[in-house]
Amino acid sequence: MKKESRKVIIAGNWKMNMTPKAAAETAAKTAELTAGKNGCEVVLCVPFVDIAAAMEATKGTNVKIGAQNVHFEKKGAFTGEIAADMLVECGVEYVIVGHSERRQYFGETDTTVNLRTKAALDAGMKVILCLGEVLAERQAGITEEIVAMQTKLDLAGIPADQIANVIIAYEPVWAIGTGLTATPEQAEEVCALIRATVAKLYGDAVAEAMTIQYGGSMNDGNAAELLSKVNVDGGLIGGASLVPEKFAKIVDAAQA
Ligand code: PEP
């Protein structure tokens, strides 16, 4: 399968930003500025409490509203957590799982990332599965081993027929929120490695069809070059997704 036939997804990760009022305004502006840009899927992953407001503000537009995490149990005594069915009933189609901030600050491991991914897929959602090496791992020359291992552990036990609903976001941790971006060549090299790892697990056809995003200080200035790479099928964007004008320019860059 050629890159052109894969689905390009530009997803914003608002992290812990925006009250519901601000979310409605920002989502509406994003929808206005990206109207008719049908060359990619446009997703905004917003805080849980913003989902309803952002959903209402983007009704009838091409912007989809996603969540930033999901718990792996269906219900029960897990104070502060949100179950997959709750998100589905709110109309959420996409959910981020395994973001490095969850791994770094909230004790997420490949085991819990795998469980959360399975729960979201079983509920019918699409998962943006984040993985990537930390700076010390890149400096030690073990990026390939780390990323291949994360890919295998995070996808463990997920049947091939559910993989069409998995998007992998390669996010080198040293590039997230730091202003340091991987070079297009570095992004391409690791996204290609992820695809090759998926091919070993599920076969070439499944791997070739998978959307693999790059994330890490992607902005309106560097998006076009990153997105031009053969194995980079979109972006997961933090900081720049908070500013509709900047985010819309990244969406523009994905139209080619
Ligand atoms: C992210 O939150 O996934 C991210 C890539 O953030 P930023 O674009 O700010 O580096």
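Does region 106-113 contain at least one residue that is within 16 Å of the ligand (Cβ to nearest atom), aliphatic (A, V, I, L, M), under 20 Å from the mean Cα position of the chain (by Cα) and more than 15 Å from residue 11 (Cα to Cα)? Checked region 106-113: at least one residue is within 16 Å of the ligand (Cβ to nearest atom), aliphatic (A, V, I, L, M), under 20 Å from the mean Cα position of the chain (by Cα) and more than 15 Å from residue 11 (Cα to Cα).
For residue 135, the requirement of being crowded, with 18+ Cβ neighbours inside 10 Å and of a type in the set (A, V, I, L, M, F, W, C) is not met. In region 105-123, the residues that are among the small types (Gly, Ala, Ser) reach residues that are buried (at least 21 other Cβ atoms within 10 Å of the Cβ) with C-beta atoms within less than 6 angstrom, at least six apart or across chains, in these pairs: 119/84; 120/70; 120/84; 120/95; 120/127; 123/84. Among residues that are buried (at least 17 other Cβ atoms within 10 Å of the Cβ), away from the ligand (no atom under 12 Å from the Cβ), farther than 14 Å from residue 6 by Cβ and of a type in the set (D, E, K, R), residue 188 is included. Residues that are outside any helix (DSSP H, G or I), surrounded by fewer than 22 Cβ atoms within 10 Å (Cβ to Cβ), on the phi > 0 side of the Ramachandran plot and away from the ligand (no atom under 14 Å from the Cβ) are absent from region 227-236 altogether.
If you check residue 209 against the conditions, is it open to solvent by 40 Å² or more (accessible area, probe 1.4 Å) and either in contact (Cβ under 8 Å) with a residue 60 or more places away in the chain or polar (S, T, N, Q) (or both)? Considered against the rule, which asks whether it is open to solvent by 40 Å² or more (accessible area, probe 1.4 Å) and either in contact (Cβ under 8 Å) with a residue 60 or more places away in the chain or polar (S, T, N, Q) (or both), residue 209 comes out as yes. State whether the residues of region 199-211 include one that is at pLDDT 95 or above and within 16 Å of the ligand (Cβ to nearest atom). Scanning region 199-211 turns up at least one residue that is at pLDDT 95 or above and within 16 Å of the ligand (Cβ to nearest atom).
Filtered by the rule that a residue be more than 14 Å from the ligand (Cβ to nearest atom) and either farther than 21 Å from residue 224 by Cβ or without any contact (Cβ under 8 Å) to a residue 24 or more places away in the chain (or both), region 170-184 gives a lone residue, 183. With the condition kept exactly as written, say whether any residue in region 196-208 is within 22 Å of residue 68 (Cβ to Cβ), of a type in the set (Val, Ile, Thr) and out of contact with any His (no Cβ under 7 Å at 6 or more places or on another chain). Within region 196-208 (the criterion being within 22 Å of residue 68 (Cβ to Cβ), of a type in the set (Val, Ile, Thr) and out of contact with any His (no Cβ under 7 Å at 6 or more places or on another chain)), the answer is no, since none of the residues qualifies.
The values are calculated or read from the model by the stated rules, or taken from the named source; none is laboratory data. Just so it is clear, the structure is predicted and the values come from calculations on it, not from any experiment. Note: ideal-geometry Cβ built from the backbone for every residue, glycine included; neighbour counts use all protein chains shown. For the accessible areas, the whole protein counts, side chains as well, though only heavy atoms, and no ligand, DNA or RNA atoms are used. Shrake-Rupley method; radii C 1.70, N 1.55, O 1.52, S 1.80 Å.
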